[in-house]
1. Return yes when Asp36 is acidic (Asp, Glu), without any contact (Cβ under 8 Å) to a residue 60 or more places away in the chain and surrounded by fewer than 17 Cβ atoms within 10 Å (Cβ to Cβ) and no when it is not.
2. Which count do you get for residues in the range 74-83 that are in a loop (DSSP other than H, G, I, E, B) and buried (at least 22 other Cβ atoms within 10 Å of the Cβ)?
3. One residue is enough: does the range 351-374 have a residue meeting the conditions surrounded by 20 or more Cβ atoms within 10 Å (Cβ to Cβ) and within 21 Å of Asp466 (Cβ to Cβ)?
4. In the range 315-349, what residues are among the aromatic types (Phe, Trp, Tyr) and either in contact with a Pro (Cβ under 7 Å, 6 or more places away or on another chain) or outside any loop (DSSP other than H, G, I, E, B) (or both)?
5. From Ile303, Ile294, Ile287, Ile267, grab the single residue that is surrounded by fewer than 22 Cβ atoms within 10 Å (Cβ to Cβ), touching a helix residue (DSSP H, G or I) at 6+ places or on another chain (Cβ under 9 Å), touching a residue at least 60 places away in the same chain (Cβ under 8 Å) and of a type in the set (Val, Ile, Thr).
6. Can you find a residue in the range 241-248 that is modelled with pLDDT of 95 or more and more than 25 Å from Arg188 (Cα to Cα)?
7. Looking at Leu480 and the list (1) more than 26 Å from the chain's Cα centre (by Cα); (2) farther than 18 Å from Gln340 by Cα; (3) free of Cβ contacts under 8 Å to residues at least 40 places away in the same chain, which single condition is not satisfied?
Amino acid sequence: MEKYPWWQRGIIYQIYPRSFMDRSGDGIGDLPGIIDRLDYLVWLGVDAIWLSPVYPSPMADFGYDVSEYCDIDPVFGSLRDMDTLIEKAHALGLRVILDFVPNHTSDQHPWFIESRSSRDNPKRNWYLWHDGKEHGAPPNNWLSVFGGSAWEWDESTKQYYYHAFLKQQPDLNWRNPEVRRAMYDAMRFWLERGADGFRVDVMWHLIKDAHLRDNPPNPDYVPGHGQPPYNALIPAYSTDQPEVHEVVREMRTLVDRYGDRVLIGEIYLPIRQLVAYYGDDGRGAHIPLNFQLITLPWNARQITASIAEYEGALPDYAWPNWVLGNHDNSRIASRIGPLQARNAAIMILTLRGTPTLYYGDEIGMRDSVIPPEIVRDQQEKNLPGLGLGRDPERTPMQWSPGPGAGFTRGTPWLPFGIDYKHLNVEVERDDPGSMLSLYRRLIQLRRREPALAIGDYVPVLTDFEDVVAYRREARGKAFLVALNLGHRPAQLLFAASECRGKIVVATEYRREGERVDDRIVLAGDDGVVVELDTGC
């Protein structure tokens with residue numbers, strides 16, 4: 001396994017810093033708080049932490065609107081705190097991946113303040129400024145992900161600027177070499193301080209059509225059915241432009257100069273477009289994030305087919321990856337229910353490729369109910385009633401059943417879930433039947449077994465439409481994974497030579513150690529990992 005880079009054989013754990021641990025007592029998580037919980041992450045067994053943005057920011061989009069790329073926002077601590085975090089994490093064998101936000105800045109960034117000061121300012125071309133059409137209409141029909149037109153009128157200079165997200169997040173002009181140099185300097189700043197790589201926010205957005213052509217209508221869009229207005233158009237010209245791959249290649253070249261680092265791209269695209277971000281020769285992103293387990297229905301046939309499609313689409317030089325949850329999507333236990341979330345844990349930690357876990361999923365945290373009067377997410381404020389708000393999956397980590405859930409001595413910036421008294425680390429840590437114990441057993445198994453960490457994936461066909469089954473194999477050793485994504489019992493029959501072995505991890509922990517011969521019996525919502533006898 002040592003022949004494989006750490007980011008291939010390891011497990012990445014996403015931390016949303018505002019919500020992980022608050023040492024200061026102001027109700028907002030911070031870097032010293034993360035330092036205090038590094039021992040927990042080592043105990044859990046993950047290999048790297050990815051931090052959502054901690055740069056200075058007005059917090060219109062909670063850090064994804066950056067006003068300075070080479071410092072730390074005081075709400076999270078200081079640059080010295082980040083240095084300490086990286087140093088202590090490395091001493092414990094943990095890597096630190098930073099969220100990098102290159103598509104847009106805050107409108108309070110000095111670059112944009114200069115850019116909007118006049119049409120002839122040297123930084124005018126650092127952003128996307130354009131004249132309107134006749135009668136003052138925006139330059140084209142492009143929409144903001146967060147609602148409304150993506151073009152904002154600037155009265156002082158009589159032009160529009162483009163923002164793919166909030167109007168407080170103007171997009172940078174990545175066709176401008178000066179912008180590229182400035183952003184690469186920022187990446188170098190953090191690499192030289194010891195960062196182990198970057199997760200690049202909205203990587204597929206970086207380049208826009210040079211001719212500003214209108215996006216075509218989406219024939220599948222149905223207003224009022226929970227779809228955001230952004231989906232009314234197909235973003236054919238505002239995202240995923242051919243020239244973006246040149247930018248990704250440049251980022252990869254920079255990161256590779258620093259040795260054993262990783263470049264991860266956030267990319268919500270169909271599989272065939274997604275895998276292009278590995279680069280024609282493997283010189284693109286190390287990990288273009290694969291969100292199928294977030295975006296697909298929890299349906300065994302669809303998931304099995306998509307795994308096959310993904311495996312078939314990967315170039316020979318590409319390493320797969322899987323993501324189960326993140327700060328932009330409803331938590332897995334809320335999407336599919338707490339019983340199936342156990343199967344999801346087995347799936348994410350036994351499929352071929354690097355798994356990315358989201359803080360709190362390992363204890364079964366669910367979306368919290370956020371009363372309208374305390375909504376913090378601007379997307380929900382812009383598009384109320386569509387269920388698109390991201391506050392519910394960003395609530396504080398539940399460490400204990402005591403005051404402040406062990407997260408804070410103050411008032412938390414978002415409320416805890418009503419179930420925090422029994423869904424928390426302290427209660428679950430020594431309970432063999434808990435979600436946390438299941439995650440830890442899976443992680444320990446994956447870390448010690450090359451077949452699960454770096455082995456081949458072999459699909460196993462079954463007669464049950466609700467069952468996902470596959471083998472993982474390496475160096476003469478094999479494991480069989482069988483997951484019942486339905487609620488009815490299932491019995492899988494095999495030739496005796498195919499399925500002799502022992503259950504080593506199960507959603508129902510009492511089954512662990514059970515021998516199987518020619519069949520696997522699964523209750524509804526049940527899942528098992530079977531260590532097969534040699535020769536099976």
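The values are calculated or read from the model by the stated rules, or taken from the named source; none is laboratory data. Small disclaimer: the values here were computed from a predicted structure and weren't measured. Reconstructed Cβ throughout: ideal geometry from the backbone, glycine too, with neighbour counts over all protein chains shown.
1. Values: acidic (Asp, Glu): yes; without any contact (Cβ under 8 Å) to a residue 60 or more places away in the chain: yes; surrounded by fewer than 17 Cβ atoms within 10 Å (Cβ to Cβ): yes.
Yes, satisfied.
2. 2
3. Within the range 351-374, one or more residues are surrounded by 20 or more Cβ atoms within 10 Å (Cβ to Cβ) and within 21 Å of Asp466 (Cβ to Cβ).
4. Let us first name the residues in the range 315-349 that are among the aromatic types (Phe, Trp, Tyr), namely 317, 319, 322.
Correct list: Trp322 only.
5. Every option except Ile303 fails the conditions.
6. Applying the first criterion (modelled with pLDDT of 95 or more) to the range 241-248 yields 241-248.
Right, trim to more than 25 Å from Arg188 (Cα to Cα) and you get 241-242.
Yes, there is a match, as at least one residue in the range 241-248 is modelled with pLDDT of 95 or more and more than 25 Å from Arg188 (Cα to Cα).
7. (3)
So that you can scan it fast, the table gives a plain yes or no per residue for (1) under 21 Å from Asn299 (Cα atoms); (2) under 17 Å from the mean Cα position of the chain (by Cα); (3) charged (D, E, K, R); (4) at pLDDT below 95:
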{"residue": "Arg342", "(1), (2), (3), (4)": "yes, no, yes, no"}
{"residue": "Leu349", "(1), (2), (3), (4)": "yes, yes, no, no"}
{"residue": "Tyr359", "(1), (2), (3), (4)": "no, yes, no, no"}
{"residue": "Pro384", "(1), (2), (3), (4)": "no, no, no, yes"}
{"residue": "Ala405", "(1), (2), (3), (4)": "no, no, no, no"}
{"residue": "Thr411", "(1), (2), (3), (4)": "no, no, no, no"}
